[in-house]
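So the structure is just underneath, and the comments pick up after that.
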Amino acid sequence: MTATGTGAAWRRWTAGAAAAGLAVALTACASNAAPADDASGEAGGSGDEKVTISFQWWGNDERAALTEKAIDLFEERNPNITVQTSFSTIDAYIPKLATQIASGSAPDLFLMPMETVKEYASKGAALDLAPYIGSVIAVDDISEATQKIGVVDGTTYGFTLGTATNAFVYNPTVWKAAGATLPSGSFTWEDLLEAGKKIRANTDGKVAAISDPGGYIAWFATWVNQNGGSGWTEDGKLGFTQADLERWFTLMQDLRDAGATTDAETTSTIDQSMQNSGLARGVSAGEFAAASLTGAYADTLGAENVALAPLPSDTDNLALSMAGTNVAAISSKSKHPEQTAQFLNFLINDPDAADILRLTRGIPLNAKNYEAITADLTGADKEVGDFVQEYSERFVDPDPLAPPGAATIPADFTLAYENVIFGQMSIKDAAADLFSKFEATIK
């Protein structure tokens, strides 16, 4: 999908200019617009002065196109507010945001990865939203549990833009052609290994069962949860051991040696963008991903070639949960916090915005909006809805928020795994080095 409209085109140009290191002058001054008087986001922004607010997130092209479409609607209703946007893959987003926050130049509205919420809250990077909740940001149709996702020590620093669960996204056509057991709620890691052998044999060695998940801490944390541990404890400690890291790296080596996962060279070309996805490119027949990305896979592969299942598990615990995908926060340095809060309210509460975004950012926060769109879900969106409904009784509570200092842990984890798969470190040494970094990093 391609974003359309002059507003979207202007935003794409400014995002490109920023990426090229060009300075984009924001000449707008503070607005005296009134706050939104309902959940639609239609009121406000009606003063004579025009303002520009910035919004930064991570995601893929489909999410960007739908987000731009929603923003066009917001700007149409609020002609004195312009929203300047930029997005990237999560791998590029995390260090960029860290630099912006350290320099005091964070966008007006930005997404905090879940690993960074406590840290950025403790650094004063995010605004306390209490003055806007109930007046600008409506919460009547958002569950208390969902509201708590952006709360740290009793203060609301933001709202997740959607709740989501992770899934094993796979191509059933390739799996069936190989005679491999299809992933399901009883699918084990050994089943994945055996399926990998069959898929390799049936594709002349060209296709792996799954893109290697070993370098992503999110999948390690899922496996840890399946086996009784957690990523973090309530008091901000590590919920796993060095031995757990060794066991995970060893499991991944077993899968890699059996041909179930992509080889090291191929894995190094895969990131969390759709254009570099192993599944989308056909070098693998599945990968672990947020279920909300199903639509993007279907657009690439065709809906008939996309199906969802839980991640493999050797226990009765699938470690599925409905967790926040991010926390959208307003910068404490924002010159236009009220207009930014108005825009945030639009994203999470406006029914027309919900109809545009559908499930691209996960399950909508506003219960009425979700109920409205579920009635006519089709294609990939219906696939996600059916998946959530099928396994909802087996969902567990998500991990506690990561402690301050955890922002660099995902990158450290990926680097450690790459050192293993390229033979630069043994599993034992990589696990020991990584665990010591974790202990030194979290505060």
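Per-residue Cβ neighbour counts within 10 Å put Met425, Met252 in the sequence Met425, Met252, beginning with the fewest.
Which of rounded, prolate, oblate describes region 344-398, given a ≥ b ≥ c as roots of the alpha-carbon gyration tensor eigenvalues and a/c under 1.5 marking rounded, otherwise prolate only if a/b is larger than b/c?
On the way: a/c = 2.28, a/b = 1.42, b/c = 1.60.
Judged from the Cα gyration tensor, region 344-398 comes out oblate (a/c at least 1.5, b/c at or above a/b).
Inter-part distance, region 286-323 to region 124-168, computed on C-alpha centroids, equals 26 Å. Counting only residues at least eight positions apart within a chain, or on another chain, the lysines with an alpha carbon under 16 Å from that of Lys437 are Lys237, Lys428.
Net charge near Ser334: determine it from the other residues with C-beta under 13 Å of the C-beta of Ser334, scoring Lys and Arg +1 and Asp and Glu -1.
Working: positive: Lys333, Lys335; negative: Asp108, Asp128, Glu338.
Taking every other residue near Ser334 into account, the sum is -1.
Spin-label model, Lys96/Glu304: points 7 Å from Cα along the beta carbon direction are separated by 3.8 nm. Applying the Karplus relation 6.51 cos²θ - 1.76 cosθ + 1.60 with θ = phi - 60° to region 56-70 yields 3J(HN,Hα) values of 10, 8, 10, x, 10, 5, 5, 4, 5, 5, 5, 4, 4, 5, 5 Hz, where x marks Gly and Pro. With a cut-off of 13 Å between beta carbons, the residues surrounding Gly278 carry a summed charge of -3, where Lys and Arg count +1 and Asp and Glu -1. Phi-derived couplings, Karplus 6.51 cos²θ - 1.76 cosθ + 1.60 at θ = phi - 60°, listed residue by residue for region 144-158: 4, 4, 5, 4, 6, 4, x, 9, 10, 6, x, 10, 8, 9, x Hz, with x used for Gly and Pro. Amide hydrogen proximity for Asn326: with H placed 1.01 Å from N in the peptide plane, the residues at 5 or more positions away or on another chain lying under 5 Å are Leu161, Gly162. If the chain linking Asp352 and Ala367 were pulled fully straight, counting 0.36 nm for each residue of separation and taking away their Cα-Cα distance, it would gain 4.0 nm.
For Ala208, the residues whose amide H sits under 5 Å from its own are Ser284, Ala285, ignoring neighbours fewer than 5 places away on the same chain, with H placed 1.01 Å from N. Available extension along the chain between Asn227 and Thr414 is 65.2 nm, counting 0.36 nm per residue and deducting the alpha carbon span. The ranking of Val174, Val169 from fewest to most other beta carbons within 10 Å of each one's beta carbon is Val174, Val169.
The mean sequence distance of close C-alpha pairs (under 8 Å, at least 6 residues apart), as a share of the length of the chain, puts its relative contact order at 24 percent. Give me a comma-separated list of calculated 3J(HN,Hα) values for region 88-100, in order, Karplus coefficients 6.51, -1.76, 1.60 applied at θ = phi - 60°, integers in Hz, x for any Gly or Pro. Listing the rounded values in order: 7, 6, 4, 4, 7, 5, 4, x, 4, 5, 4, 5, 4 Hz.
Calculate the FRET efficiency for Ala432 and Glu393 from the Cβ-Cβ distance with a Förster distance of 41 Å, rounded to the nearest 0.05.
On the way: r = 39 Å, r/R0 = 0.96.
Once the sixth-power term is evaluated, E becomes 0.55.
Rounded to the nearest 10 degrees, the angle from helix 189-202 to the longest Cα principal axis of the chain is 80 degrees.
The relative contact order of region 168-236, computed from alpha carbon pairs under 8 Å that lie at least 6 residues apart in sequence, is 20 percent.
Counting pairs of Cα atoms in region 304-411, how many percent are more than 19 Å apart?
Numbers: 3494 of 5778 pairs.
The answer is 60 percent, as a whole percent.
Each residue in Lys382, Lys148 was given a count of other beta-carbon atoms within 10 angstrom of its own, and listing them fewest first yields Lys148, Lys382.
Report the FRET efficiency, 1/(1 + (r/R0)^6), for Ala375 and Asp257, where r is their Cβ-Cβ distance and R0 is 60 Å, rounded to 0.05.
That gives a FRET efficiency of 0.80.
Counting only lysines at least 8 places from Lys335 when in the same chain, those with an alpha carbon closer than 28 Å to its own are Lys50, Lys69, Lys96, Lys118, Lys123, Lys148.
Let me have the relative contact order for region 196-287, percent, based on Cα pairs under 8 Å that are six or more residues apart.
Values: 117 pairs, mean separation 37.2, N = 92.
Once normalised by length, the contact order is 40 percent.
Every number here is computed from the coordinates shown, using simple stated rules; none is lab data. A quick note: this is a predicted structure, and the numbers were derived from the prediction, not measured. Neighbour counts are summed over all protein chains in view; Cβ atoms, including those assigned to glycine, are modelled from backbone coordinates with ideal geometry.
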